[in-house]
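**Q** Quick one: structure below, then a few questions.
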Amino acid sequence: MITGTEQLHPTVKLFIRADPELGCETQKQAVLRRLNELDAEDYIEDYEINVWTKEIRLAGPLKGTSYYRMVCDHVKEFQQWADEQSVQLNSAFKIQSLSCEITNETYTVLSLPCICLAVYDDADELRGVYPHTDGETIQTVSNCLAELETNSRLNYAD
């Protein structure tokens, strides 16, 4: 569900975990390959790769860093889009408490998805975030890539 009404030649931002993960590496390679193909075949204007971790501690030692701001700014933008579209991101972006019995510490972390795509229009306005839940249906990164691949110049309807 990429939203908008005008003809678009979108830019895609890929957010991907850097560390190898069982069950995700083949998918990561496939997504990178498909984005490269979509770009080469002019289905998209361009794509950008952003690397992030599995989790980020909220209000932790990284709070003042550019990395922390980048992650939090994007997640805030994604949540604003989800609220406007009446979809849910919480299956992909989970906030949870972690406790360590050894150090007696408890803190809150934001879990980040292994792979996330954000689609922007020509005016750099966010038009879609994948994965998300649309009612009972999970809209995956693969759904987004298929939609981008199906349309040469995307014409999205709200």
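Any read-out appearing in this document is the output of simple, stated calculations on the displayed coordinates, not a laboratory observation. Because the structure is predicted, anything quoted here is derived from the model rather than measured. Cβ atoms come from the backbone with ideal geometry, glycine included; neighbour counts cover every protein chain shown.
**Q** Convex hull over the alpha-carbon atoms of segment 67-150: what's its volume per residue in Å³?
**A** Given the Cα convex hull of segment 67-150, per-residue volume reads 125 Å³.
**Q** Most exposed first by the Cβ proxy, i.e. fewest other Cβ within 10 Å, how do R57, R17 rank?
**A** Ranking R57, R17 by Cβ neighbours within 10 Å, fewest first, gives R57, R17.
**Q** What ranking of H9, H74 emerges when the number of other C-beta atoms within 10 Å of each C-beta is taken as an exposure proxy, fewest first?
**A** Fewest-to-most Cβ neighbours within 10 Å comes out as H9, H74.
**Q** Take the Cα gyration tensor of segment 7-151, multiply each eigenvalue by 5, square-root it, and list the three semi-axes largest first, rounded to whole angstrom.
**A** One finds semi-axes of 28, 17, 15 Å for segment 7-151.
**Q** Per the helix-only calculation at 222 nm, which mean residue ellipticity applies to the chain, given -39500 (n - 2.57) for every DSSP H run of n ≥ 4 and division by its residues, nearest 500 deg cm²/dmol?
**A** Computed ellipticity for the chain at 222 nm equals -9500 deg cm²/dmol.
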